[in-house]
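Report on the following structure.
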Amino acid sequence: MRHFLTLKDYTKEEILEIVDIGLAIKKNLKNGIYNKELENQTLAMIFEKSSTRTRVSFETGMYQLGGHALFLSNRDIHLGRGEPVKDTARVISSMCDMVMIRTFAHSMIEEFASYSKVPVINGLTDSYHPVQLLADYMTIKEYGLEKDLVVAYVGDGNNMTHSWIMLAAKLGFELRIATPQGYEVDAKVLEEGMQIAKKSGAVIRVCHDPKESVKGATIVTTDTWASMGQEDEKEQRIKDFDGFMVDDLMMCIAAKDAKFLHCLPAYRGQEVSESVLEGHAQIVFDEAENRLHAQKGLMVWLDRQRG
Ligand code: CP
Ligand code: NVA
């Protein structure tokens, strides 16, 4: 049995296999053929933070696969009133077939997984957002951009950036990260990524100059400047991130036909301009839809690992 907590624990072959299962399920779905591999199974979804895409995609995905999903907000279950994680894990995993968790500290999900009898999926922690990267890579593949891939990430060194580091390190593509001073990625995550990159041939660069990072990039991406849990820092961050908005000028420096990705929700006029988010380079709504298909691939893959 496997959990899906970070891409660090997955090989290149496994990541590609999950994405390919998702693509095959998507193709069939578009032709009206439903894969019902998870019939009678239940997915518990624990949310300690808000969500639109993650909730809708997992709930819809589980239903389409023949199963059922339970939305468990921490406002409603005893976890939010102090019931220990290890007790919650043992109880939920004795009744459900898979668990997806969105929470703050990554250590919470690790503790949950260590007590869980069923696969645990990371639906976002403060440190990583790996299911998003499955959808992002699926979208890159659909647009035929996986060869000679150069990704420029402009913005906050956060859970998305850490996940990009792991994806690049595993798959072996070039990733350039530009953050303002003081908002760099976690040094330990970068070091781990660099070590993995030595084997895959990935090139991972960090700098503080967004224009330098986007030069010739085939994918330009960013994320909110203030992640969930950082609402109090929002005003300060808007000042500190001056010059880091992905706008038309920045897209002009990228490769011809470069595409723009964003995990969403997006804040127009902050990390991305209205013109880029609504322009010809954006593929963010295909990316959002692919959350559904990529996660169906993941759930099917995890179920097959049980043997
Ligand atoms: N991108 C993403 O995870 O979106 P939600 O926060 O809406 O789930
Ligand atoms: N970095 C963002 C991603 C939202 C999907 C956050 O953690 O809020």
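When Ser213 is tested against (1) assigned to a loop (DSSP other than H, G, I, E, B); (2) closer than 24 Å to Pro265 by Cα, exactly one condition is not met: (1). Quick check on segment 33-42. Is at least one of its residues part of a strand (DSSP E or B), in contact with a Leu (Cβ under 7 Å, 6 or more places away or on another chain) and at pLDDT 95 or above? Yes - at least one qualifying residue is present in segment 33-42.
Looking across segment 244-287, not a single residue is buried (at least 21 other Cβ atoms within 10 Å of the Cβ), within 15 Å of ligand 2 (Cβ to nearest atom) and among the small types (Gly, Ala, Ser). Just to be sure, is Phe58 away from ligand 1 (no atom under 16 Å from the Cβ), of a type in the set (A, V, I, L, M, F, W, C) and under 22 Å from Leu38 (Cβ atoms)? Criteria not met by Phe58. Only one entry of Thr125, Thr103 meets the criterion of being within 16 Å of ligand 1 (Cβ to nearest atom), hydroxyl-bearing (Ser, Thr, Tyr) and farther than 19 Å from Glu192 by Cβ, and that entry is Thr103.
I'd like to check something: does segment 129-141 contain any residue that is within 16 Å of ligand 1 (Cβ to nearest atom), in a loop (DSSP other than H, G, I, E, B) and either at pLDDT 95 or above or on the phi > 0 side of the Ramachandran plot (or both)? Scanning segment 129-141, I find at least one residue that is within 16 Å of ligand 1 (Cβ to nearest atom), in a loop (DSSP other than H, G, I, E, B) and either at pLDDT 95 or above or on the phi > 0 side of the Ramachandran plot (or both), so the answer is yes. Taking the conditions (1) over 19 Å from Tyr10 (Cα atoms); (2) within 16 Å of ligand 1 (Cβ to nearest atom); (3) not in a loop (DSSP other than H, G, I, E, B) in turn, Thr161 satisfies each one other than (1).
Would you mind stating whether Val91 is part of a helix (DSSP H, G or I), within 16 Å of ligand 2 (Cβ to nearest atom), more than 30 Å from Ile196 (Cβ to Cβ) and not basic (Lys, Arg)? Taking the combined requirement at face value, the residue does not satisfy it.
Taken over segment 1-41, the criterion of being closer than 21 Å to Glu111 by Cα and touching a Gly at 6+ places or on another chain (Cβ under 9 Å) is satisfied by Met1, Lys8.
For (1) farther than 16 Å from Arg53 by Cα; (2) out of contact with any helix residue (DSSP H, G or I) (no Cβ under 9 Å at 6 or more places or on another chain), each residue gets a yes or a no:
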| residue | (1), (2) |
| --- | --- |
| Phe104 | yes, yes |
| Glu111 | yes, no |
| Leu124 | no, no |
| Ala135 | no, no |
| Tyr143 | yes, no |
| Val150 | yes, yes |
| Ala168 | yes, no |
| Leu171 | yes, no |
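Here is a check on your reading of the model: is Glu48 touching a Leu at 6+ places or on another chain (Cβ under 9 Å) and either in contact (Cβ under 8 Å) with a residue 12 or more places away in the chain or of a type in the set (Phe, Trp, Tyr) (or both)? Answer is yes for this residue. Residue count for segment 51-101 satisfying the condition of being among the hydroxyl-bearing types (Ser, Thr, Tyr) and either within 19 Å of Val131 (Cα to Cα) or free of Cβ contacts under 8 Å to residues at least 12 places away in the same chain (or both): 6.
Residue by residue, here is whether (1) surrounded by fewer than 24 Cβ atoms within 10 Å (Cβ to Cβ); (2) away from ligand 2 (no atom under 14 Å from the Cβ) holds:
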{"residue": "Val131", "(1), (2)": "no, no"}
{"residue": "Glu142", "(1), (2)": "yes, yes"}
{"residue": "Ala152", "(1), (2)": "no, yes"}
{"residue": "Gly155", "(1), (2)": "no, no"}
{"residue": "Ala168", "(1), (2)": "no, yes"}
{"residue": "Glu174", "(1), (2)": "yes, yes"}
{"residue": "Glu184", "(1), (2)": "yes, yes"}
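If the condition is being assigned to a loop (DSSP other than H, G, I, E, B), more than 12 Å from ligand 2 (Cβ to nearest atom) and touching a strand residue (DSSP E or B) at 6+ places or on another chain (Cβ under 8 Å), then segment 115-128 contributes Ser116, Val118, Pro119.
The values are calculated or read from the model by the stated rules, or taken from the named source; none is laboratory data. Keep in mind the model is a prediction, meaning the values are calculated, not measured. All Cβ positions, even for glycine, are placed from backbone atoms using ideal geometry, and neighbour counts span all protein chains on display.
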